[in-house]
Amino acid sequence: MNETRCRLYLITPPSLPGLAAFARELEAALSAGDVASLQLRLKDATDDEVLEAASALKPICEAYGVALIVNDRPDLALKAGADGVHVGQDDASYAEARKTLGPDCVVGVTCHDSRHLAMEAAEAGADYVAFGAFFPTATKEPKTQAPVDILNWWADLMTTPCVAIGGITVDNAETLVVAGADFLAVSSGVWSHPGGSGAAVAAFNEIFDRLAKP
């Protein structure tokens, strides 16, 4: 079980053609239960579209105490006044992201299924490392499939928080929480939940509460 309570790390859908509608959907999700952060992940959007989305979503995140994280681009995170950035292995390096954003912003690093990459990122000062994908996902084409025991290994060895990502839903989340994930990164598992995003957030939090160590 987790030493502390696991938390939800939301990721936006890959595109937001209806930004105003998604802003309302986000508010419904955040009002339904605890969420640690929202990653703005718009891979095919222009810089202006990313900044427009950040401008629309940031006040909602702030109202609920949710950190706004921009995917890939430290420069856009800085322009948007976001709380941090998430970088992959093919994006800006951790060092570049930290230099751009400074010491007080969150910098998280994708580590796929690599213990070596995760240890390097943690030793460099990353605020969290992300492992995955753990399950099949339609949101992106995962480069790796991570074994659940990498979470056990990390939780036993390191203090830097770890994020589990990839195909996570209410139905398969428990295994990852028990294994030691500090955060579950979820996209379609919330936005495409049959009961709606609010029901999904509430259901994830019920799991986290039940499995939290007293």
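Every read-out reported here was derived from the displayed coordinates using simple, explicitly stated rules and does not represent laboratory data. All figures in this text were calculated on a predicted structure; none of them were measured in a lab. All Cβ positions, glycine included, derive from the backbone under ideal geometry; neighbour counts span all protein chains shown.
Residues in segment 57-97 that are part of a helix (DSSP H, G or I) and closer than 18 Å to ALA36 by Cα: LEU57, LYS58, PRO59, ILE60, CYS61, GLU62, ALA63, ALA77. Does ALA56 satisfy the criteria of being touching a Lys or Arg at 6+ places or on another chain (Cβ under 8 Å) and hydrophobic (A, V, I, L, M, F, W, C)? It is false that ALA56 is touching a Lys or Arg at 6+ places or on another chain (Cβ under 8 Å) and hydrophobic (A, V, I, L, M, F, W, C). Just so you know, in segment 78-137 the residues that are over 15 Å from the mean Cα position of the chain (by Cα) and among the hydroxyl-bearing types (Ser, Thr, Tyr) include one that is surrounded by the fewest Cβ atoms within 10 Å (Cβ to Cβ), and it is SER93. Restricting attention to segment 6-48, the residues that are in a helix (DSSP H, G or I) and under 15 Å from ASN71 (Cα atoms) add up to 2. Here TYR64, TYR9 are screened, and the one residue that is among the aromatic types (Phe, Trp, Tyr) and either surrounded by 19 or more Cβ atoms within 10 Å (Cβ to Cβ) or touching a residue at least 40 places away in the same chain (Cβ under 8 Å) (or both) is TYR9.
Within segment 119-134, residues that are more than 13 Å from VAL106 (Cβ to Cβ) have Cβ atoms under 9 Å from residues that are among the charged types (D, E, K, R) in these pairs: ALA124/ARG98; PHE131/ASP113; GLY132/ASP113; ALA133/ASP113; ALA133/LYS140; ALA133/LYS143, counting only partners at least 6 apart in sequence or on another chain.
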